Amino acid sequence: MHNGFLKVAAILGALAVALGAFGAHALRQKVSDAAVNIFETGVRYQFYHVFALLICGIIYRDYSNKLMIWAGALFITGIILFSGSLYVLTYFKATVKPGYNWIGAITPVGGLAFIAGWVCLFISILRASKS
């Protein structure tokens, strides 16, 4: 499973770089500063959790248990829900389509997935160190 986390982290990391470049150059010319800030928050948290996913993949060999798998899966879920919802919200702001602000309600669910992933990572390491 650790190879899967490493592969997904590599893809999501490359995507974060591409999205960051898009946000810094092309997007900034098309949307408000507030929309760019929303987009940049998505990219920033995607990057943070790509590193968390890499950690899960790297240390899985020494801390291989279900909680480590849950941690990695929750980081991926968080990236999709948290960052993804911010990207979609920025898209709707860029296309000036009103009524789609409800998408922002998905973002905290992704944040909870991130938090749960970090807790699972902690408990996984704690349990393995007690054995």
| said: Between V96 and A14, how high is the FRET efficiency from 1/(1 + (r/R0)^6) when r is the Cβ-Cβ distance and R₀ = 30 Å? Nearest 0.05. | reply: 0.50
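Would you mind putting 118-126, 75-83 in packing order, based on average other-beta-carbon counts within 10 Å, highest first? Can you show the working numbers first?
Values: 118-126: 17.0, 75-83: 23.6.
So the peptides 118-126, 75-83, ranked by packing, come out 75-83, 118-126.
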| request: Post the alpha-carbon centroid distance, the stretch 1-59 to the stretch 67-103, in whole angstrom. | output: 12 Å
| task | Divide by every residue of the chain the summed helix terms, -39500 (n - 2.57) for each DSSP H run of at least 4, and state the resulting mean residue ellipticity at 222 nm, rounded to the nearest 500 deg cm²/dmol. | result | -26000 deg cm²/dmol
| request: Sort the following peptides by mean Cβ neighbour count (other Cβ atoms within 10 Å, averaged over residues), highest first: 66-72, 3-9. | output: 66-72, 3-9
| message | Among 13-19, 97-103, how do they line up by average Cβ neighbours within 10 Å per residue, starting with the highest? | response | 13-19, 97-103
| task | Find out how many positive minus negative residues lie around Y63, taking Lys and Arg as positive, Asp and Glu as negative, among other residues whose Cβ is under 14 Å from that of Y63. | result | +3
| said: I'd like the orientation of helix 107-130 relative to the chain: the angle between its Cα long axis and the longest Cα principal axis, in ° from 0 to 90, rounded to 10. | reply: 20 degrees
| remark: Other residues with Cβ under 14 Å from the Cβ of I125 give, with Lys and Arg +1 and Asp and Glu -1, a net charge of +3
| request: Relative to the longest principal axis of the C-alpha atoms of the chain, give the angle of the C-alpha long axis of helix 33-59, reported between 0 and 90° and rounded to the nearest 10°. | output: 20 degrees
| Which angle from 0 to 90°, rounded to the nearest 10, does the C-alpha axis of helix 66-78 make with the longest principal axis of the chain? | 0 degrees
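Bear in mind these aren't lab numbers, they're just calculated from the coordinates by the rules spelled out. All figures in this text were calculated on a predicted structure; none of them were measured in a lab. Please note: Cβ atoms are built from the backbone with ideal geometry, for glycine as well, and neighbour counts cover all protein chains shown.
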